[in-house]
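The values are calculated or read from the model by the stated rules, or taken from the named source; none is laboratory data. Fair warning: this is a prediction, and the values are worked out from it, not measured in the lab. A quick note on method: Cβ atoms are made from the backbone with ideal geometry, for glycine too, and the neighbour counts reach across all protein chains shown. Please note that ligands, DNA and RNA were not included when accessible areas were found on the heavy atoms of the full protein model with its side chains. Shrake-Rupley method; radii C 1.70, N 1.55, O 1.52, S 1.80 Å.
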Amino acid sequence: MHICSKVLIPCLALSAIAGCAGSEGSGTPAISASQRAQGAAVSRPFSYSVHPKLARIGDLLLHNCPGGTVCALTPTALRTAYNFSYQTGVSDGTGETIVIVDAYGSPTIKSDLTTFDKTVANLPDPPSFQVLYSGGTPSINLNNASELGWAEETTLDVEWTHAFAPGANIILVVANNDQGNTIQAAQQYAIGVAPQVILSLSFGVQEASINSGANNTQLAAAHAIYEQAASAAYNATVIASAGDLGSTGGYAFANPQYPASDPYVLGVGGTNLTLFNNGKYRSESAWDDGIGCAWPCGATGGAPSSIWGPFDHEADITKDALHRDVADVAYDASDNAVAVYIGFSAPGVTPGVYAIGGTSLGPPAYAGIVAIANELRRSLSPPKAALGYINPRLYQAYAAQQASKAPPFHDVSAGNNIFLSGAACCTAGAGYDMPTGLGSPNVNNLLNTLVNVVQ
């Protein structure tokens with residue numbers, strides 16, 4: 001059952017939510033005329049940001065980093081850790097298209113991917129890699145810290161999207177700045193560049209930064225894009241990172257990062273992953289470096305939304321009838337960071353291999369899983385459709401299979417994302433929790449569930 005609060009949580013104008021008076025079929029959050037007028041008066045534009053955690057390394061340390069060193073996992077190491085095997089041309093994402101949206105881009109991304117494949121990932125180049133510009137080619141200033149951060153983010157997104165689904169086509173859609181309306185336009189462009197795309201978004205803005213909340217016109221525009229992506233006409237999957245600044249995102253109260261908090265987006269939180277000496281999975285906890293951390297310093301996002309209410313598939317698992325809770329799922333974000341190759345020069349950066357951490361790794365990882373699942377679903381007789389709007393299917397997978405002998409998720413039940421704020425939210429525990437959602441993937445089990453169990 002859905003419970004929609006007119007005071008705290010505006011009813012969502014979505015056909016999937018019944019019984020919310022005045023919201024049926026409008027496609028935007030249901031608000032009154034007076035609220036709309038008030039919101040228009042106070043609404044302010046917002047911009048998106050990224051927070052990659054970067055450090056230079058000299059050697060690739062595959063697991064269990066010695067104290068005081070910076071660690072970097074390779075694709076082979078993470079595939080081993082998460083039970084993630086693939087076969088070239090059979091279960092590697094062949095025939096699928098993953099679309100990444102970033103602002104500014106990177107001046108060396110094409111050559112960097114080739115170098116990453118040869119020196120770090122031991123992979124061939126992807127079948128196709130295109131860089132498209134939704135609003136004209138941007139001029140990136142690598143002396144600007146924000147634009148440099150986007151270049152580093154672009155590096156992580158592209159290289160690790162290919163690492164997780166080596167056979168998939170990759171399209172990088174580059175917005176010419178990080179303003180909300182500009183990135184909204186890039187996303188609108190992105191969902192139409194190929195059929196049934198998988199959209200990977202490793203950026204966000206705290207809900208508390210979105211002035212007037214659900215009344216914000218930029219937010220309504222973004223939400224409409226995600227609802228459109230989920231429709232039968234597009235059947236696209238949208239995945240976003242939960243953020244790297246804990247449950248508060250720098251505010252004095254808990255609030256999640258958007259677009260991970262959007263009901264039509266899969267929000268990915270972060271964990272600290274530890275491995276046995278043979279590289280196999282050992283344990284995970286909610287990523288939270290806390291006081292006195294060295295590098296990378298941060299914590300996974302995750303908190304109840306003040307804008308969105310839950311869908312039935314969420315409320316049945318999260319036990320929260322009032323709020324959309326973030327995150328939905330989790331992936332490695334810190335402790336064992338991943339290796340990237342950067343070919344440009346900038347303040348503090350020279351060409352070479354770096355370790356990079358944060359929840360930004362999660363969307364490429366789950367994009368790769370979805371790409372392989374879609375490929376395998378197409379190979380069935382009769383074939384199944386692409387997963388598209390994946391949130392209900394993942395919650396279905398959890399409910400159907402988690403207690404089986406082949407659970408699709410590792411239950412992450414330790415740690416929290418309180419970070420430095422002292423806020424009361426949020427702590428990991430058995431079953432669903434906001435820092436880590438349903439858990440991290442046991443990939444081969446999850447693929448079997450997504451291909452053979454869910455419709």
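What to note about this one:
- Considering the conditions (1) outside any helix (DSSP H, G or I); (2) within 24 Å of Gly388 (Cα to Cα); (3) open to solvent by 30 Å² or more (accessible area, probe 1.4 Å), Asn211 is excluded by exactly one of them, (2).
- Residue in the range 399-408 that is open to solvent by 10 Å² or more (accessible area, probe 1.4 Å), part of a strand (DSSP E or B) and more than 25 Å from Gln87 (Cα to Cα) present: no
- Candidate set: the range 135-177, residues that are open to solvent by 40 Å² or more (accessible area, probe 1.4 Å) and among the small types (Gly, Ala, Ser); chosen: the one farthest from Thr97 (Cα to Cα): Ala145
- Only one of Thr161, Thr94, Thr114 that is β-branched (Val, Ile, Thr) and assigned to a loop (DSSP other than H, G, I, E, B): Thr94
- Single residue of the range 417-438 satisfying the filter (on the phi > 0 side of the Ramachandran plot and part of a loop (DSSP other than H, G, I, E, B)) that is farthest from the chain's Cα centre (by Cα): Gly422
- Considering the range 445-455, the residues that are assigned to a helix (DSSP H, G or I) and surrounded by fewer than 19 Cβ atoms within 10 Å (Cβ to Cβ) include one that is nearest to the chain's Cα centre (by Cα), namely Asn448.
- None of Leu113, Leu78, Leu132, Leu62 is open to solvent by less than 70 Å² (accessible area, probe 1.4 Å) and at pLDDT below 95 except Leu78.
- Total residues in the range 235-263, condition closer than 21 Å to Thr161 by Cα and in a loop (DSSP other than H, G, I, E, B): 7
- Taking the criterion of being among the β-branched types (Val, Ile, Thr), assigned to a strand (DSSP E or B) and open to solvent by less than 10 Å² (accessible area, probe 1.4 Å), the residues of the range 325-376 that qualify are Val326, Val329, Val338, Val340, Ile342, Val349, Ile356.
- Residue ID - nearest to Gly250 (Cα to Cα), chosen from residues in the range 186-207 that are of a type outside the set (Phe, Trp, Tyr) and surrounded by fewer than 19 Cβ atoms within 10 Å (Cβ to Cβ): Gln188
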